């Protein structure tokens, strides 16, 4: 390829990238692709916890092995955190300078934020679903230090810490690995699985609303 052609190729590639939709500096398609994978990992993680604490695995109120709210994690990360070592909220850095001290503070703030976020989201979602539709999605009543049956200290610390470790050590390497997939292929995957996951969530939600209980297709005791 001649220098002139190479320059034109690079210019075209840059222009094509600029036309893509981004969310706080990251390509939406690749964030969505990561979200799909995390939605599956969330389903797996919840079943591992169920297996350890209750001795069984189940469908987690879904038909497919995906839990849609987990798929929003990459977007929430870009919006509220940005960088575990240099906390960036709404695209603006919290610390004016980056030092070892601010890095430690940033990590502590992110960990606390995630644990509190888990607690608040479980409290709101669990109680809201019960109030609106009479559906009890989960319960922590048998555990110590719970606030209603839907939110507790230990689940919040556990899930929050797992989320922190993932975001600190795996998020960026994982996202960079996904970016090796061509944009067109990634887009097709996102559209295909996005439609499936959204349809699954809507079907299961309607089932809960109509029947007053969660859809549970299978449960395996081990």
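If contacts are Cα pairs under 8 angstrom and at least 6 residues apart, what is the relative contact order of the chain in percent? Relative contact order here is 27 percent.
Against the chain, whose longest principal axis is taken from its Cα atoms, helix 3-18 shows a tilt of about 30°. Relative contact order of the range 36-142, taken over Cα pairs closer than 8 Å and 6 or more residues apart, is 16 percent. How many percent of the alpha carbon pairs in the range 64-114 exceed a separation of 18 Å? Tail of the P(r) past 18 Å holds 35 percent of the pairs. In angstrom, the C-alpha Rg and Dmax of the chain are 20.4, 70.
FRET efficiency for the pair residue 183 and residue 121, taken as 1/(1 + (r/R0)^6) with r the Cβ-Cβ distance and R0 = 41 Å, rounds to 0.80. The alpha carbon convex hull volume per residue for the range 104-222 rounds to 171 Å³. Computed per residue of the chain from DSSP H runs no shorter than four, each worth -39500 (n - 2.57), the mean residue ellipticity at 222 nm is -21500 deg cm²/dmol.
Helix 28-54: angle to the longest alpha-carbon principal axis of the chain, degrees 0 to 90, nearest 10? That works out to roughly 30 degrees.
Between helix 183-211 and the chain there is an angle of about 20 degrees, using the helix long axis and the longest principal axis of the Cα atoms. Per-peptide packing, taken as the mean over residues of other Cβ atoms within 10 Å, places 26-38, 134-146, 80-92 in the sequence 26-38, 80-92, 134-146 from highest down.
We did not get these values from a lab; they are worked out from the coordinates using the rules stated. Keep in mind the model is a prediction, meaning the values are calculated, not measured. Cβ: placed from backbone, ideal geometry, glycine included. Neighbour counts: every protein chain shown.
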